[in-house]
Structures are given as structure tokens and as C-alpha cells.
């Protein structure tokens, strides 16, 4: 059985996990969650995991006309009780940001998807396009082979299918052995969305093994 560990780069150094393992933090897929925010006092790298009230205070400011790219991406590290910022995430031309670390071969190419729930049944929340995958706010891009580029567009992530998933091996197929696959992620909230709400989609990585 091939195991997966998702890791985040907690530094501003754009280097691989192999080159600088101490820069990376493993995600506990049972207890940890990602938090996306405007950032501020108490919602910053190294802060105690904030209350809902504090998160609301520093929520992303919406715009009646222009799209807004979320500026801050955090891992709420349950074991440490602290926020750990994914400092290279978002609309940045950075390559080594999120790492899907596999300890062996796979039978299929690993795929990143986004759903309303862990059962992977629906994509009806606003953040995933209210059922229209192309309108998802969640944007992802493989950085396995190259930098994403300035102001990268990426794929609108929502559900399954072909156009709204991310092939983590950049389309090269199943893994023949242990490998670390890299990607970047950002959230772009469309202009005119003026209904503050709690958005809690679930990111999943799916693959099969022999």
C-alpha cells in the first residue's frame, strides 16, 4: 500500500522538501484544517488558532465589482495549537508550496479534487461555483515541472470530471515509485459576491494502488 503525506512550505524559501525538509510541515488529515483570511493581529503565522469571532474580524474584504484574491493561507496545526502560514501560496510565481509526498508507486495518477464534503457527493457551495465547476473560486496549478508564472490562472477546482481536477503528476500518469508532487493554490472570489458566509469545501487527493 502506498501512503501519502501532504506537506506545506512554512517559509519564503522556494525549495523542495528534499532540499530543505525542515521548511515543511506535515498535514494531519484528521485534525488539521486550512484557513483562508485577510490576515491581521491574531490571524498570522505562529498565532494561537483563532476563534471564529477573530476570524470574522479579519475575513477577506469583498468587492462589489472586482474579483478579490485571498491574500493569506494558513494551516491550523492542531498538534501545535498554532497557525502556520503557507507563505508562498496564492497569486505568487512560486513552485514549491504544497507537496503531496508518496512513499511508493501508484496504479493511477494522483488527482486533486474539491467537494462540499468528505463523501465527495456534491459541489453546491458558493466557493465551488454553486454547482457550476467553472465558476469555482478554488484555483490550482501543477508546479511539478516549472514555475506557475506571474498572475497564473490555473484550473477551477470542483468535483470530478476532466476540466476541474488537477493531475498532480502534470499528466505524466501513475507513479513508478516514491515521489513528491508539487502544486500551488489560490482562492479568487468574484466581484459582486456580497454575501459573507462560512465556506468549508473539502480538498481530496485520490489515487489507486496495485
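What follows draws every value from the coordinates through simple rules; no lab data is involved. Just so it is clear, the structure is predicted and the values come from calculations on it, not from any experiment. Using ideal geometry, Cβ is built from the backbone for each residue, glycine included, and neighbour counts are taken over all protein chains shown.
How do 62, 168, 175 rank when sorted from fewest to most other Cβ atoms within 10 Å of their own Cβ? Please list the in-between numbers first.
On the way: 62 16, 168 26, 175 21.
Going from least to most buried by this count: 62, 175, 168.
With neighbours defined as other Cβ atoms within 10 Å of a residue's Cβ, the residues 86, 48, 30 order from fewest to most as 30, 48, 86. Note on the range 9-77: along the principal axes its Cα atoms extend 43, 27, 23 Å, ordered by decreasing extent.
With kT/(6 pi eta Rh) evaluated at 4 °C and eta = 1.567 mPa s, and Rh the Kirkwood radius from Cα pairs, the range 136-194 diffuses with a coefficient of 101 µm²/s according to Stokes-Einstein.
One Cα centroid belongs to the range 21-93, the other to the range 162-210; the line between them spans 17 Å. For the chain, modelled as a GNM whose springs connect Cα atoms under 10 angstrom apart, the maximal fluctuation among 36, 78, 183 occurs at 78. Across the chain the C-alpha pair distances fall into 10 Å bins from zero in the proportions 9, 34, 40, 15, 2, 0 percent.
Each principal axis of the Cα atoms in the range 67-111 has its own extent, and those three values, largest first, are 37, 32, 17 angstrom. Only residues of the range 82-106 count here: report those whose backbone N is under 15 Å from the spot 7 Å along Cα→Cβ of residue 146, or say none. Answer for this model: 93-95. Across the range 66-210, Cα pairs under 8 Å and at least six residues apart give a relative contact order of 36 percent. Need one number: the % of Cα-Cα pairs in the range 162-202 sitting beyond the 17 Å mark. In whole percent, the long-distance tail amounts to 55.
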